[in-house]
Structure formats: C-alpha cells, structure tokens
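First comes the structure, then the notes that go with it.
Quick note: the coordinates plus some simple rules give every number you see, no bench work behind them. This is a predicted model, so every value here is computed, not measured. Methodologically, a virtual Cβ is constructed for each residue, glycine included, from the backbone with ideal geometry; neighbour enumeration extends over all protein chains shown.
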Amino acid sequence: MPGNHRRGASFREAKPIAVLGLGHVGLPTALGLAELGWQVIGADDMAGKVAQLEAGRAPFYEPKIQDLLVKHLASGRFRPTADVESAIAASKVLFVCVGTPQRHSGAPDFGQIEAVARTIARNLNGYKLIVEKSTAPASTAERIKQTIQRYARQDPPAHSRNGRGIPGGKAPGRHPVARFDVASNPEFLQEGKAVENFFHPDRIVIGVESDEARELLEEIYRPLKCPMVVTDLATAELIKHSANAFLSTKISFINMIADLCEAVGADVENVARGLGLDPRIGPHFLSAGVGFGGYCFPKDLRALIHLAEEHDISCGILREVENVNRGRVEVFLDKLRHALWVVQGKTIGVLGLAFQPLTDDIREAPSLRIIEELLKEGANVRLYDPQAMPNVRKLFPEERERIAYCDSAAAVASGAHAVLLVTEWDEFRKLDWAKLRPQMEVPVVVDGRNLLDPSAMCAAGFEYFSVGRPSRQSAFAMAANRRR
Ligand code: UGA
C-alpha cells in the first residue's frame with residue numbers, strides 16, 4: 001500500500017472527497033483514497049451500516065478492508081456519515097458509488113443514481129466534480145448532468161437561500177446552476193482483491209469534458225503508477241461494460257471448450273495453457289467451471305445486451321455467453337447424477353458458497369442454484385464456506401436432516417455420499433483429502449473449479465470428476481463400486 005503521501009498545494013487542504021454509497025465499490029474506494037492521504041467523507045443513507053462503520057466494523061468481508069477501516073477512523077481521514085446532503089455540501093469531488101441493480105427487463109435500475117443526482121442538485125453550493133463510479137451504461141453520465149441541471153434550477157439549495165454558493169442566485173426556480181462537471185471513472189476492482197486492485201490498477205480510465213475535471217482526477221490518482229486512459233464520457237462508460245462482457249465471454253468460451261474436451265478426451269487445463277501463452281489471448285479468465293456469478297458479470301452482460309438492443313445492434317454473441325453460463329450448473333449437476341445414479345435421499349456436501357473466494361458475497365453465486373436443485377431432487381445438503389455461511393443461512397435456514405451448516409470441510413465430508421467443490425477457497429486445496437475419504441459414505445468428489453489434482457485424488461481412493469478433464473476412478477473406488 002502506498003501509505004501516507006505528501007500533500008501538495010491542491011484542493012486537498014481545502015475540501016474533503018465525498019464517496020456516496022459504501023458498498024463493495026464505495027468502501028474500498030473511500031478507504032483507498034484515505035490511504036492515499038485524502039480526507040474522505042463516506043456517505044450512505046443506510047444508518048445501520050454507517051453505525052457499524054463508525055464502530056470500526058466492516059459491513060462485509062473483503063481482505064484488508066477491516067484494517068484500513070480501523071486505521072483511517074483513527075487517522076481521521078475517513079469519516080462515515082448517514083447525512084448524505086452535508087457530505088455533498090462539504091466536498092468538491094463526489095464519487096458516486098451507489099448500486100445499479102437489474103430490473104426485470106434486464107435494464108439497469110437507475111433509481112439510486114437519479115436520487116443521488118437530485119440530492120447533489122439541492123446541495124450545489126459551488127463548483128463540484130461528480131464522478132460516476134457505479135457501473136452504468138453509456139449515456140448515464142449525460143443523464144446525471146441533465147438531472148442536476150434540471151433539479152438545481154427547480155429547487156434552489158438551502159445554501160443559496162442563505163446567500164452562499166450559487167452565483168447570481170435570485171428567485172426560487174430561476175437560479176443559474178453553480179458550475180459542475182460530471183466525469184466517468186469506472187472501477188475495475190474484483191471482490192476478494194479490491195484493496196490490492198485499488199493500489200495496483202492495470203489502468204485508470206477517466207471520461208471527462210473539461211480540463212478542470214481531468215486535472216482533479218489526475219491529482220487524486222497521481223500516486224498510482226499505471227497507464228491513464230482519458231476519453232469522453234460515453235467511451236469511458238463503454239470501456240467498463242465491454243471489459244466485463246469480454247471477460248465473461250472468455251469464461252463462457254472456455255466452458256464450451258471444456259464440454260468439448262470431455263467429449264473428445266482432451267484436457268481443458270492444457271488447452272487453456274496452450275491458448276493463454278499466446279499474448280494476443282492471455283492466460284487470465286480461462287478457468288473452466290460452474291460458470292461466472294457475482295453482482296457484476298451477469299448484471300452487466302444483461303445491461304449491455306439491453307443497450308445494444310435499444311440501438312438495434314445485433315448482440316447474439318453476448319446472448320450466447322449468457323446461455324452457456326446459464327447451463328453450467330446443470331452440466332455440473334449432471335456429473336453428480338451420473339456418479340450417484342440416484343440423488344434422492346443422499347447426503348451431499350457442498351464446499352464453497354461465496355460466488356468466488358475471499359468474499360462473503362453470494363449474489364448470483366452458482367452455489368445457490370446448486371443447493372436449490374439438490375433440495376428439489378430430495379437430497380440432504382451439508383454446507384460449509386469460510387465466510388459466506390451467515391448470508392446463505394438467510395436464504396436457506398437450517399432444517400433438521402435436510403439443510404445443515406458445518407464448521408469445517410471435514411464435517412461436510414463426514415457421512416456424505418458425495419462432496420461438491422463449488423468455490424475455490426485455498427483451504428479446500430490444502431485439505432488432507434486422503435484423511436477425509438474413510439469418513440465419507442461414498443468417496444465421490446465433483447470438483448466444479450478444477451481445484452484438485454485428478455491423479456492425487458485418484459490415488460487417494462476417490463471417484464473424482466472435474467470440468468473438462470478426464471474423470472478418474474481409483475482401483476479402490478472401482479473395486480468398491482463392484483462390491484456395492
Ligand atoms: C468483475 C471484474 O473482474 C472487475 O474488473 C469489475 O470491477 C467487477 O466485476 C465489477 O464490475 O464491479 P468480480 O465480479 O468481483 O469482478 O469478480 P471476478 O474475479 O471477475 O469473477 C467473476 C466470476 O467469474 C466469478 O464467479 C468467478 O468464479 C468467475 N470466473 C472468473 C470463472 O468462472 N473463470 C475464470 O477464469 C475467472
């Protein structure tokens with residue numbers, strides 16, 4: 001982490017930065033900026049969350065966030081508040097990090113962004129730079145601009161009524177709008193690596209319309225050494241959506257190839273390695289498995305499809321990415337069905353519930369559909385995740401026999417007819433699997449993340465199935481199967 005950077009003569013002395021919305025994007029951003037030396041007001045209208053932050057407790061699990069929170073509450077550089085209006089009024093640069101959830105149609109719900117824009121309009125007491133960090137389709141920044149202009153004119157702020165802020169303000173409804181800029185500065189943080197990503201970005205993208213906006217953002221990010229891509233607003237917005245769509249495409253592509261590998265007896269890990277060594281392709285996001293989840297990829301893919309269709313642009317490629325991903329859980333469960341023959345009445349252990357490791361986030365996590373399907377088929381499930389169990393418990397409360405939460409991977413395996421590996425937490429890789437085998441009713445492991453070594457699992461006596469790699473059965477397991 002860069003630590004405490006020396007402050008130059010800048011707006012830094014005069015004004016704090018406001019971060020509006022303290023979720024998975026806003027909180028790492030706010031604490032990252034505090035670590036870079038800025039005074040940051042973190043505003044969120046959820047009073048409970050703010051109280052928790054004030055008490056020094058991060059509202060979700062994300063590596064290094066808890067330490068940064070405690071550090072910058074103590075340094076005084078991070079101040080959480082539920083008073084969004086005052087945070088806006090006090091600051092010159094406002095990072096908008098509120099959610100853009102998905103509506104039924106697949107279109108993003110702009111309700112939270114619009115509400116923030118209206119609040120900004122009411123508190124426009126001097127020049128402000130409004131930085132759109134929430135992922136939103138091209139033209140959202142324009143809408144933010146329009147909203148601020150519209151509401152600042154109709155609803156003069158308290159500050160102008162006090163005679164401060166808006167130059168030339170006169171009768172209500174007639175006030176010229178104080179100067180402001182809107183910029184787009186999409187984030188590329190990955191959950192589980194958000195703090196790491198903040199301090200070591202691959203690139204910083206800023207969409208701006210004025211030199212003042214560009215200079216302010218350059219000043220804020222100066223300590224971070226990486227290429228900066230400066231564009232117009234719509235281009236910056238589209239870079240973000242395209243990045244997520246392209247990464248999703250890589251994942252669905254390799255998942256389709258994984259199915260083909262199984263059909264022809266090839267090994268997808270080696271195919272991915274052979275592909276990834278080509279610098280035009282690159283090695284990342286070529287891990288086959290149960291498919292992508294999380295708050296971003298599924299939602300952003302839908303939003304991009306929606307945007308393309310609105311403009312009559314053919315986007316079949318994106319639809320297919322979505323289709324392949326939707327089918328992954330079934331492909332995975334078919335391996336279990338094939339292995340067990342009958343799933344009903346069996347005890348199935350599920351290792352990993354978060355949508356990916358190092359987070360407790362379960363939004364769109366493949367584990368949820370897997371649990372749902374298993375229960376539908378009459379199985380009993382035993383669940384374990386190092387971080388996400390409290391969140392899953394809210395959706396699937398404990399039920400005698402049917403749904404049990406365990407305190408370790410070993411407890412999940414005990415008495416299970418099969419163990420499913422759904423999230424690639426490191427602790428599952430490091431498990432002494434040979435020790436677990438005798439505790440299982442039937443030694444079947446279905447690995448949805450290709451986390452384990454097929455030969456080692458086979459040698460340890462498992463019937464081991466993974467994704468796009470030849471399945472292995474040990475001589476022991478085959479003999480046991482013959483006896484059954
Ligand atoms: C993603 C992007 O990677 C970030 O750059 C972006 O900022 C973020 O969305 C966002 O828009 O906010 P995130 O969803 O946190 O980040 O996590 P990823 O690491 O991208 O993984 C997404 C999903 O893809 C996970 O379910 C993961 O298991 C899956 N995945 C990833 C694969 O199935 N295979 C891979 O090779 C890589």
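If the segment from Asp259 to Asp334 were pulled out straight at 0.36 nm per residue, it would be longer than the present Cα-Cα gap by 25.8 nm. For the pair the range 30-93 and the range 390-420, the centres of their Cα atoms are 35 angstrom apart. If you plug the beta carbon distance of Ala434 and Glu85 into 1/(1 + (r/R0)^6) with R0 = 51 Å, you get a FRET efficiency near 0.25. Under the membrane-span-like helix rule (DSSP H runs whose alpha carbons stretch at least 24 Å along the helix axis, mean Kyte-Doolittle hydropathy -0.5 or higher), the chain yields 233-264, 316-340. Of the three principal axes defined by the Cα atoms of the chain, the extents in descending order read 90, 48, 41 Å.
Extension gain, Lys376 to Ser139: 0.36 nm times the residue separation minus the Cα-Cα distance gives 81.0 nm. One equal scatterer on each Cα of the range 397-471, no solvent, Debye formula: the resulting log10 I(q)/I(0) at q = 0.16, 0.24 Å⁻¹ is -0.55, -1.19. Spin-label pair Ala51-Ala115: with each label point 7 Å from Cα along the Cα-Cβ axis, the two points sit 1.9 nm from one another. Of the peptides 50-56, 323-329, the order by per-residue mean of other Cβ atoms within 10 Å, starting with the highest, comes out as 323-329, 50-56. Taking 7 Å steps out from each Cα toward its Cβ at Ser210 and Arg179 produces label points 0.5 nm apart. Using the Cβ of Val230 as centre and a radius below 13 Å, the other residues enclosed give a net charge of -3, where K and R count +1 and D and E count -1. Pairs from the list Lys128/Lys299; Lys376/Lys435; Lys193/Lys240; Lys145/Lys225 with a Cα-Cα gap above 23 Å: Lys128/Lys299; Lys376/Lys435; Lys145/Lys225. Remark: Leu33, Leu124 ranked as Leu33, Leu124, counting other beta-carbon atoms within 10 Å and listing the fewest first.
Applying 1/(1 + (r/R0)^6) with r as the Cβ-Cβ distance of Arg402 and Arg222 and R0 = 45 angstrom yields a FRET efficiency of 0.20.
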